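Pasting a structure below so you can have a look.
The values are calculated or read from the model by the stated rules, or taken from the named source; none is laboratory data. Source: prediction; values computed, not measured. Every residue, glycine as well, gets a Cβ built from its backbone with ideal geometry; the counts of neighbours run over all protein chains shown. The accessibility values were calculated without ligands, DNA or RNA, using every heavy atom of the protein model including side chains. Shrake-Rupley method; radii C 1.70, N 1.55, O 1.52, S 1.80 Å.
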Amino acid sequence: MRVPEQWSSMARVWSQVKTPLRPVQSEIDFLNSYIKKHFTKPLSILILGVTPELYNLMWPPFSKISAVDKSQGM
């Protein structure tokens, strides 16, 4: 399987992917607590690689979040 095909198929099976390709709950919890403690104003976030767990973190209200990926399937 060529690399572009691999990432296109990854989008379809993301719910089955495990660490290290997918953040674990302890990492998500840490990031959420860090964000809550250190950021109160809206942020502009750029996520390189479309990772739903990062996009769905508890960003301050009205933050602008952009996620980009080289693979169109992702």
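Answer yes or no as to whether Pro60 is part of a loop (DSSP other than H, G, I, E, B) and open to solvent by 80 Å² or more (accessible area, probe 1.4 Å). Lay out the reasoning, then the answer.
On the way: part of a loop (DSSP other than H, G, I, E, B): yes; open to solvent by 80 Å² or more (accessible area, probe 1.4 Å): no.
The answer is no for Pro60.
Same structure, new question: Could you go through region 43-64 and let me know if any residue there is in contact (Cβ under 8 Å) with a residue 24 or more places away in the chain and in contact with a Ser or Thr (Cβ under 7 Å, 6 or more places away or on another chain). Give the steps one after another, and end with the answer.
Of the residues in region 43-64, the ones in contact (Cβ under 8 Å) with a residue 24 or more places away in the chain are 49-54, 57-60.
Adding the requirement that they be in contact with a Ser or Thr (Cβ under 7 Å, 6 or more places away or on another chain) leaves 60.
Yes, some residue in region 43-64 is in contact (Cβ under 8 Å) with a residue 24 or more places away in the chain and in contact with a Ser or Thr (Cβ under 7 Å, 6 or more places away or on another chain).
Looking at (1) in contact with a helix residue (DSSP H, G or I) (Cβ under 8 Å, 6 or more places away or on another chain); (2) within 20 Å of Leu21 (Cβ to Cβ); (3) surrounded by 13 or more Cβ atoms within 10 Å (Cβ to Cβ); (4) not basic (Lys, Arg), which is the one condition that is false for Thr51?
Single failed check for Thr51: (1).
Let me ask something else. Return the total of residues in region 1-19 being part of a loop (DSSP other than H, G, I, E, B), at pLDDT below 80 and either open to solvent by less than 50 Å² (accessible area, probe 1.4 Å) or within 14 Å of Glu53 (Cα to Cα) (or both). Give the steps one after another, and end with the answer.
Of the residues in region 1-19, the ones part of a loop (DSSP other than H, G, I, E, B) are 1-2, 13, 17-19.
Checking the rest, the ones that are also at pLDDT below 80 come to 1-2, 13, 17-18.
Right, trim to either open to solvent by less than 50 Å² (accessible area, probe 1.4 Å) or within 14 Å of Glu53 (Cα to Cα) (or both) and you get 17-18.
Here the count works out to 2.
Considering only residues that are assigned to a loop (DSSP other than H, G, I, E, B) and free of Cβ contacts under 8 Å to residues at least 12 places away in the same chain, look in region 20-42 and name the one that is surrounded by the fewest Cβ atoms within 10 Å (Cβ to Cβ).
Taking region 20-42 first, the residues assigned to a loop (DSSP other than H, G, I, E, B) are 20-24, 39-42.
Pick out the ones that are also free of Cβ contacts under 8 Å to residues at least 12 places away in the same chain and you get 20-21, 24.
Numbers: Pro20: 7, Leu21: 10, Val24: 12.
Checked region 20-42; the qualifying residue surrounded by the fewest Cβ atoms within 10 Å (Cβ to Cβ) is Pro20.
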